[in-house]
Amino acid sequence: MNEFDFIGRLRERATANEPASSTLITHHSSLLTSIGDDAAVIQQLTGRNTVITTDLLVEDIDFERATLRPRLLGHRALAVSLSDIAAMGARPRWALLSIGLPAEVWDSTFVDEFYEGFFSLAQRYDVQLVGGDVSRTPEKIVIDSIVLGECGAEREILRRGARRGDQLFVTGALGGSAAGLRLLKRGARLEVRDDADQDAHSVEQLLLRHLRPEPRVGWGLVLGEERLASAMIDISDGLSSDLHHLCAESETGALIDAARLPIDPFVAALCGRRALDPLLLALHGGEDFELLFTVPAARLASLPKTVDGVSITQIGEITSETGKICVAEKDRVWELEPKGFDHFPRTASAERKG
């Protein structure tokens, strides 16, 4: 298979009329042309805004080939971008995917398995692959995922809309992905297991939480289309860091109730015996890809309890102390520093220089 054979196969797969079961599906009537030309053509619609996001995944920085099966990597490559679109309150529509591969990976079954994972997730949300690029790299795999979405005019949810008194919510559960990453680093792997082994089941679920994240597309749509959230961000770097990002943009602070944090039940079951602190994982662990959002008091009664089987938890409220994020834990209140993931953390020497 050469590069052009590969593009032809992708074009056939991307344009195949496959059945899908998602209730989120609508027809892409605004897509005029996709794979086959130098660029995709999308017709602009009056009263609709286009939302665009991109994510870069680099081998040995964002994933390790030895621990992540190609199908799961394909799923993950799309999931992280879908999460960004969800955090804007928008509906995902189209994707562009560029990938750089070493020659030995190209000559293996990796590419087919990778795109199986990508298209499987894309089908669930009726996201159409409309372009991308492929190239050869010397050693490492590099993936660039771009997703375009749509929302009603002035219905996008930004980070800067939180106000004092807004209630702070999070979807799903926290800490599972970070726990899964730590288990991977300690040698745990996905494998055939004994169903009666509860510890093995917990380990598997935490590994999948990290390796196969589930974007909260349904919640993003509900919050955006019904104008329920005043500000929103997805938890990719970690709750502590992403809440700081949201509050910085909104020029506010926040107070979190530690007892309300929805810690992943598998984290609670395993981590105490493995020297991992569930609270710290929930606060600082990244890549849960849950949605963190604020809701004005007047909209609280309109919030659904669940969307797509995923519940939400009220974990605190927005305050007027700009940039000050605090955690209330029993009788103690302490300031929460942003200690989530950072690609380029400041070195001690840089901090000394100011």
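Readers should treat all values here as calculations from the given coordinates under stated rules, not as data from a laboratory. Computed from a prediction, not measured in an experiment: that's the story for all the values here. All Cβ positions, glycine included, derive from the backbone under ideal geometry; neighbour counts span all protein chains shown.
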Subject >> Order by protection proxy (mean Cβ within 10 Å, highest first), peptides 183-189, 107-113 >> reply: 107-113, 183-189
Original post:
Among the lysines in the chain, how many pairs, 8 or more places apart or on different chains, have alpha carbons under 21 Å apart?
Top reply: 4
Original post:
Could you state the number of Å between the C-alpha centres of the stretch 184-255 and the stretch 285-313?
Top reply: 12
**OP:** Grab the DSSP H runs of the chain that are 4 residues or longer, score each as -39,500 (n - 2.57), total them, divide by all residues and round the 222 nm result to the nearest 500 deg cm²/dmol.
**Re:** -9500 deg cm²/dmol
**OP:** Tell me which residues come under 5 Å, amide H to amide H, from residue 326 once H is placed; ignore anything under 5 positions away on its chain.
**Re:** 254, 255, 256, 336
Original post:
Normalised by the residues of the chain, what does the relative contact order come to in percent, with Cα pairs under 8 Å and at least six apart?
Top reply: 21
Original post:
Ranked from highest to lowest mean number of other Cβ atoms within 10 Å per residue, what is the order of the peptides 205-215, 95-105?
Top reply: 205-215, 95-105
Original post:
Based on Cβ point charges of +1 for Lys and Arg and -1 for Asp and Glu, what charge dipole magnitude is obtained for the chain about its Cα centre, in debye rounded to the nearest 20?
Top reply: 740
**OP:** Show me 305-316, 156-167, 330-341, 241-252 ranked by packing, highest mean number of other Cβ atoms within 10 Å first.
**Re:** 241-252, 156-167, 305-316, 330-341
**OP:** Mind listing the long-range amide H neighbours of residue 277? Cut-off is under 5 Å, sequence gap 5 or more, other chains count too, H placed in the peptide plane at 1.01 Å from N.
**Re:** none
Subject >> Net length gained if the chain between residue 199 and residue 300 were fully extended (0.36 nm per residue, minus Cα distance) >> reply: 32.5 nm
**OP:** Per residue of the stretch 210-219, in order, report the coupling 6.51 cos²θ - 1.76 cosθ + 1.60 (Karplus, θ = phi - 60°) as ³J(HN,Hα) in whole Hz, putting x for Gly and Pro.
**Re:** 8, 7, 10, x, 10, x, 8, 4, x, 5
**OP:** Take every Cα pair under 8 Å in the stretch 3-152 that's 6+ residues apart, average their separations, divide by the length, and report that relative contact order as a whole percent.
**Re:** 37
Original post:
Looking only at Cα atoms, what is the convex hull volume of the chain per residue, in Å³?
Top reply: 173
